[in-house]
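Participant: Just dropping this structure here.
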There are 2 protein chains.
Amino acid sequence: MSQTVDRALSILPLLAQGPADLGQVAERLGVHKSTALRLLRTLHAHGLVHRQQDQRYRLGARLFALAQEAVESLDVREIAHPHLVRLGERTGHTVHLAVREEGEVLYIDKVESRYPVRMYSRIGKPVAITVAAVAKLLLADLPEPERRSFAERLDYPAYTPRSTPDAAAFLKELATVRAQGWATDLGGHEESINCVAAPIRGADGRVVAAMSVSAPNVVIGTEELLALLPLVRRTAEAVSREYSGAPPAA
Amino acid sequence: MSQTVDRALSILPLLAQGPADLGQVAERLGVHKSTALRLLRTLHAHGLVHRQQDQRYRLGARLFALAQEAVESLDVREIAHPHLVRLGERTGHTVHLAVREEGEVLYIDKVESRYPVRMYSRIGKPVAITVAAVAKLLLADLPEPERRSFAERLDYPAYTPRSTPDAAAFLKELATVRAQGWATDLGGHEESINCVAAPIRGADGRVVAAMSVSAPNVVIGTEELLALLPLVRRTAEAVSREYSGAPPAA
DNA sequence: AACGACTGTTGCACAGTACGCAACGCATAC
DNA sequence: GTATGCGTTGCGTACTGTGCAACAGTCGTT
């Protein structure tokens with residue numbers, strides 16, 4: 001690994017917490033000011049950091065552009081998108097698409113609910129991995145030993161009383177999800193929000209992504225949301241077929 | 001500037017165009033494979049690149065997370081957001097918030113239209129700077145010499161017959177926008193899409209951001225959209241006041 | 001108004017570190 | 001079975017990044 005690059009990249013998460021001046025960056029990196037300056041200048045030249053009027057540095061615009069270009073070149077996303085839109089139109093609720101990467105699960109696409117009461121989420125934001133329906137599907141597909149060791153390394157924040165409490169409960173839930181081929185999150189992340197999700201599989205049967213429909217229970221009851229499950233599953237299967245090479249249905 | 005970091009960061013835009021294997025990265029960087037490998041490993045350790053099953057590299061998840069954290073810590077965005085949502089609810093159309101940074105204009109927030117026919121845009125995506133209404137506002141605020149030299153460095157792509165054709169026309173338009181305090185884009189980017197925008201100013205009167213309402217003319221005519229201008233301007237002024245330190249209105 | 005304290009900036013000598021080379025392991029193709 | 005292509009490793013060299021010290025600019029203080 002390259003020391004210089006390592007140091008430079010360590011600046012990014014540091015600035016993600018908020019703007020910082022040269023001295024702060026140097027101190028938190030544990031290097032001389034002149035070194036920090038050179039690194040910041042290089043990052044600046046690439047647009048990854050931006051210097052605001054008060055001379056402090058914060059993350060720059062190119063970072064957004066890069067993230068956008070990256071998300072748009074994901075082929076699952078490209079294939080799934082029209083299906084998500086159609087599902088959004090038919091149900092009126094928020095639709096998400098998520099993938100697993102390096103031990104994180106993150107949303108890569110989203111169609112907003114047409115109801116005024118919306119849930120908060122953002123493309124690119126890591127998902128609450130122990131409770132989200134899409135996360136359960138993506139992790140349930142891991143081979144058993146990996147799944148176990150992963151589950152044991154996680155934290156289990158008690159977002160609500162219905163949140164997954166510990167690794168044992170999580171592994172049990174994953175087994176259920178794996179067997180039934182779909183997942184739910186009933187108030188496990190936010191008290192009033194429910195979620196149903198289905199897996200998208202590649203040609204080899206592995207789960208490559210997961211999609212979900214979410215709605216606050218002030219808008220639609222748990223029963224009614226669960227009634228959407230067949231539709232969600234059919235949509236996910238249509239995406240799976242297309243992703244595996246089948247031509248899109250007319 | 002640091003050569004090593006410079007090379008490492010050059011990998012990112014390269015991968016943004018699509019996944020690439022080690023040889024391709026090395027070649028396009030003009031370095032030896034072993035050098036490219038070391039750089040990629042460092043980027044990988046920071047989560048900025050991801051290695052997919054076929055061993056090729058693509059941009060990684062942390063990039064999204066960083067971009068998200070960055071955009072969420074912008075205080076203009078935080079203040080403006082509820083106003084955008086309300087404007088979205090009242091008009092039903094797509095609402096954008098944009099800022100200028102390092103010679104680019106980019107969207108930092110968005111409320112989706114509730115109509116099925118939506119315009120395409122994404123948070124983080126650089127704006128078509130020569131035609132977008134928000135871009136005109138942000139650039140019109142630059143001091144005259146800077147504005148001129150900037151306008152002359154731009155390309156003027158002819159997205160439609162109504163696109164700004166050249167620097168002279170653009171500067172004239174900017175003068176108008178500056179004088180009237182609002183801007184439009186009537187089919188300059190996409191034939192059928194119109195836009196009205198108003199500036200958000202800081203305590204010193206400088207334009208710090210701009211917000212717009214956009215709609216395809218199949219949904220709402222030009223006249224009707226222009227009729228929304230007073231509402232957009234009032235909203236922008238409310239955000240300006242709050243951003244300058246005034247308490248939010250009840 | 002002069003001072004001090006603070007910040008960001010520059011040039012430089014040193015050595016630490018990133019560089020390219022060459023050889024290796026490992027697949028798939030022929 | 002051989003051959004070609006890929007990613008990977010270890011290593012000597014010298015390039016390049018490093019910290020130091022001195023400078024410049026800005027703010028707040030006395």
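Participant: Counting only residues that are facing chain A (nearest Cβ under 8 Å) and under 25 Å from B:Gly221 (Cβ atoms), which one in the stretch B:70-117 is modelled with the lowest pLDDT?
Facilitator: B:Pro116
Participant: So, one more: Taking into account only those residues within the stretch A:21-34 that are touching a residue at least 12 places away in the same chain (Cβ under 8 Å) and open to solvent by 30 Å² or more (accessible area, probe 1.4 Å), which is nearest to the other protein chains (Cβ to nearest Cβ)?
Facilitator: Here the answer is A:Leu29.
Participant: Would you mind telling me which numbered condition in (1) out of contact with any helix residue (DSSP H, G or I) (no Cβ under 8 Å at 6 or more places or on another chain); (2) in a loop (DSSP other than H, G, I, E, B); (3) within 14 Å of chain B (Cβ to nearest Cβ); (4) buried (at least 22 other Cβ atoms within 10 Å of the Cβ) A:Ile129 fails?
Facilitator: A:Ile129 satisfies all of (1) out of contact with any helix residue (DSSP H, G or I) (no Cβ under 8 Å at 6 or more places or on another chain); (2) in a loop (DSSP other than H, G, I, E, B); (3) within 14 Å of chain B (Cβ to nearest Cβ); (4) buried (at least 22 other Cβ atoms within 10 Å of the Cβ) except (1).
Participant: Are any residues in the stretch B:1-20 of a type in the set (Gly, Ala, Ser), surrounded by fewer than 22 Cβ atoms within 10 Å (Cβ to Cβ) and within 28 Å of the chain's Cα centre (by Cα), and if so, which ones? It would help to see each step written out before you state the result.
Facilitator: As a first pass, look at the stretch B:1-20 and keep what is of a type in the set (Gly, Ala, Ser): B:2, B:8, B:10, B:16, B:18, B:20.
Going one step further and asking which of them are surrounded by fewer than 22 Cβ atoms within 10 Å (Cβ to Cβ), we end up with B:2, B:10, B:16, B:18, B:20.
Correct list: B:Ser10, B:Ala16, B:Gly18, B:Ala20.
Participant: Right, another one. Any idea how many residues of the stretch B:118-133 are in contact with a Pro (Cβ under 9 Å, 6 or more places away or on another chain), modelled with pLDDT of 90 or more and not small (Gly, Ala, Ser)?
Facilitator: Within the stretch B:118-133, residues that are in contact with a Pro (Cβ under 9 Å, 6 or more places away or on another chain), modelled with pLDDT of 90 or more and not small (Gly, Ala, Ser) number 2.
Participant: Continuing with this model, one more query. Would you list the helices (runs of 4 or more DSSP H) that sit entirely within the stretch B:133-250 and hold 2 or more residues that are free of Cβ contacts under 8 Å to residues at least 40 places away in the same chain and more than 25 Å from B:Gly92 (Cα to Cα)?
Facilitator: B:144-153, B:167-180
Participant: Can you tell which of A:Arg38, A:Arg28 is more than 10 Å from DNA strand C (Cβ to nearest atom) and outside the structural domain of A:Lys125 (by TED's automatic domain parsing)? Break it down stepwise before answering.
Facilitator: On the way: A:Arg38 fails: more than 10 Å from DNA strand C (Cβ to nearest atom).
Exactly one of A:Arg38, A:Arg28 is more than 10 Å from DNA strand C (Cβ to nearest atom) and outside the structural domain of A:Lys125 (by TED's automatic domain parsing), namely A:Arg28.
Participant: Select from the stretch B:47-58 the residues that are facing chain A (nearest Cβ under 9 Å) and surrounded by 20 or more Cβ atoms within 10 Å (Cβ to Cβ) and write down the one among them that is farthest from A:Arg7 (Cα to Cα).
Facilitator: It comes out as B:His50.
Participant: Spot the failing condition for B:Ala65; the list is (1) more than 16 Å from DNA strand D (Cβ to nearest atom); (2) out of contact with any Pro (no Cβ under 7 Å at 6 or more places or on another chain); (3) open to solvent by less than 60 Å² (accessible area, probe 1.4 Å); (4) of a type outside the set (Ser, Thr, Tyr), and only one is missed.
Facilitator: In the conditions (1) more than 16 Å from DNA strand D (Cβ to nearest atom); (2) out of contact with any Pro (no Cβ under 7 Å at 6 or more places or on another chain); (3) open to solvent by less than 60 Å² (accessible area, probe 1.4 Å); (4) of a type outside the set (Ser, Thr, Tyr), B:Ala65 misses (2) alone.
Participant: Can you confirm whether the stretch A:200-212 contains a residue that is assigned by TED's automatic domain parsing to the domain that holds A:Ser163, closer than 22 Å to A:Pro157 by Cα and crowded, with 18+ Cβ neighbours inside 10 Å?
Facilitator: yes
Participant: Name the residue, out of A:Ala236, A:Ala158, that is among the small types (Gly, Ala, Ser), under 24 Å from A:Arg86 (Cβ atoms) and either surrounded by fewer than 12 Cβ atoms within 10 Å (Cβ to Cβ) or assigned by TED's automatic domain parsing to the domain that holds A:Lys110 (or both).
Facilitator: On inspection, the qualifying residue turns out to be A:Ala236.
Participant: Just the residues that are in a helix (DSSP H, G or I), facing another protein chain (nearest Cβ under 7 Å), near DNA strand D (Cβ under 10 Å from one of its atoms) and not β-branched (Val, Ile, Thr), please, taken from the stretch B:1-17.
Facilitator: B:Asp6, B:Ala8
Participant: May I pose another question? Of A:Glu242, A:Glu237, which residue is in contact with a helix residue (DSSP H, G or I) (Cβ under 9 Å, 6 or more places away or on another chain) and not small (Gly, Ala, Ser)?
Facilitator: A:Glu242
Participant: Turning to a different aspect of this structure: Of the numbered conditions (1) surrounded by fewer than 16 Cβ atoms within 10 Å (Cβ to Cβ); (2) hydroxyl-bearing (Ser, Thr, Tyr); (3) within 30 Å of A:Ile200 (Cα to Cα), A:Ser73 satisfies every one except a single condition; which is it?
Facilitator: (1)
The values are calculated or read from the model by the stated rules, or taken from the named source; none is laboratory data. Please read all numbers here as calculations on a predicted model, not as lab measurements. Cβ: placed from backbone, ideal geometry, glycine included. Neighbour counts: every protein chain shown. With ligands, DNA and RNA removed, areas are computed over all heavy atoms of the protein, side chains included. Shrake-Rupley method; radii C 1.70, N 1.55, O 1.52, S 1.80 Å.
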